[in-house]
Structure formats: C-alpha cells, structure tokens
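Worksheet: one structure, shown below.
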Amino acid sequence: MFADEGASVAVVDIDASAARETADRILELGGQAIPVQADVAQEADVERAIHTAVQRFGRLDILFNNAGVILPKAMEDVQVEEWDRLMNINARGVFLFMKYALPHLRKTRGKIINMGSMTGLAGQKRNVVYSATKGAVIAMTRSAAVDLAPEGIRVNAICPAGVLTPLLERWFAQHPNPVRVRESQDKSHLLGRTALPEEIASVAVFLASDESSFITGQAIQVEGGATIGYGVGPKAEWGADETAHEFLDHHTRFGEAGGAV
C-alpha cells in the first residue's frame, strides 16, 4: 500500500525469501522496492538494514516497525528464554530501528509508525508476555514523540486486535473445528468480523502522510471495538468453559509453534 502511494520500499524480513517475494510483487506492479534480510533483534543487522535502504534510495522518510511474534501462555508456564525472545523481537527491535533510523529521519522530518496491539492497552488472558512487549512499544512511541516533536518528527502506534493475515488463516486451519474458531474470532470484535490487512495498512499510510500532520504520540486503536469487551463474545456464544479453554489451548500451541503477528 505504501508503494501504491509512490513510496520506495525496503522490505525487511528475517526470511530472505519472504522479503524477496514481497519486493518482487511491488516491482511487478511498477513500484520501487528492495529486499533486506535482517533479524530485528540484532543490532548489526538493523544498522545494516537502515544503511542499505538509505544507500539504495538516498533518503529515509518513513519507518514502519511491523515485526512481531506471539506466545500465549499462562504466566507460570512462561520460560525466561521465551520472555527474552518476545522482548527482543517485539520491543528491542522497535528501539533499534528507531535508534538507527533517527539520524536519517532528522534530515527529512520523517515519520515513525510502530505496530502496537490492543493487548498493550487492555491486556489479554494468557498473554502476559506479548501484552508487556506491546505496552513497551506504546510507551516508547509516546516518549519518542515527546523527544522528537521539536524536530518535526511524528511518532505514532497502531493497535489492532485480530487481523485476517495468512498466518491467522493457517491458525484457523490447524484448529479441530476451523469454522467455529473463525466465527468466534469474528464475534470477539464488536463489528462482528476480523480486520483485513488493508484496513491496518491504510491507517499506517495515513499516519505517514501529511493528512495526519497534527497527530503524534498516539496509540491508534484499529480493532473493531474489541477493547471494549475482547473475548467476551466468543465465551458467551459457546456457553461452555471447556470450549473456551479449548480455544485458548490451541491458541497457545499455535504460538509455541512460532506464530507471528
């Protein structure tokens, strides 16, 4: 969607083939893009990714931090190594990219968009680690906005709930009852459905544009009303704690398999 608006895009992914695939799609549609393989939790990789983008395109106007992983578990079942992994990817990665992008964004009075989550605002059952990482992202966003406003750099976060990505589709498919779990996911949002990726991306494009020129330091909730009562709808619909636990247990197993958001 950024490419549709004329942006040249550096596609950063830990999976080199995924980065190449996305960049190729942009090129096929007439846009400008390069793939960059990098681990967002590794300082040297982040510094190299920023350098590569600036070297190729000559400037940096927009930073969109969108990497993340999830591991839903009860607090007492979380291993310290799992805590560290989520913190390193979801929070440390955001910090590192802001740190190394900042010298270039100062030259362009650029914009930073960070991917938060409604769980960082409202919390979520069996998701204490992920919620903590997203709370950290939201806090970093607000503090960075305070620091950088005098330099004309705006910093905002997007906080979605469920988003109908290919990853979520795979999650549905792995469940013993895919139809039921999908319906329950939809009903956990007040609007009765799960967001499309384009509905999140369009907000990112808006926050990167001059149309949002007086918005900074905000955690924009794009979650279909889910934070008003996330998870209440499905439990009431199923009418049995056993079914709700089945949903959560499968969600946990999916996260343990490396599910990302």
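Quick note: the coordinates plus some simple rules give every number you see, no bench work behind them. Since the model is a prediction, treat every value here as computed from it, not as a measurement. All Cβ positions, glycine included, derive from the backbone under ideal geometry; neighbour counts span all protein chains shown.
Table for the structure above
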| item | result |
| --- | --- |
| Ratio of the Cα radius of gyration of segment 1-57 to 2.2 N^0.38 Å, where N counts its residues | 1.09 |
| Taking N as its residue count, the alpha carbon Rg of segment 45-196 over 2.2 N^0.38 Å | 1.18 |
| All Cα pairs of segment 66-122, percent lying beyond 19 Å | 42 percent |
| Cross-link table LYS111/LYS187; LYS111/LYS134; LYS99/LYS125, entries beyond 27 Å C-alpha to C-alpha | LYS111/LYS187; LYS99/LYS125 |
| Label-point gap, in nm, between ALA74 and ALA44 - each point 7 angstrom along Cα→Cβ | 4.2 nm |
| DSSP-defined antiparallel bridges as percent of all bridges, the chain, nearest 5 | 5 percent |
| Cα-derived Rg to Rh of segment 24-121, Kirkwood definition | 1.04 |
| Extent along principal axes [Cα atoms of segment 135-234; Å; largest to smallest] | 53, 23, 21 |
| Once the Cα gyration tensor of the chain is diagonalised, semi-axes √(5λ) in Å | 32, 19, 19 |
| Label point at GLU169 placed 7 Å out along Cα→Cβ; residues across segment 9-31 whose backbone nitrogen lies under 18 Å | 18-19, 21-23, 25-26 |
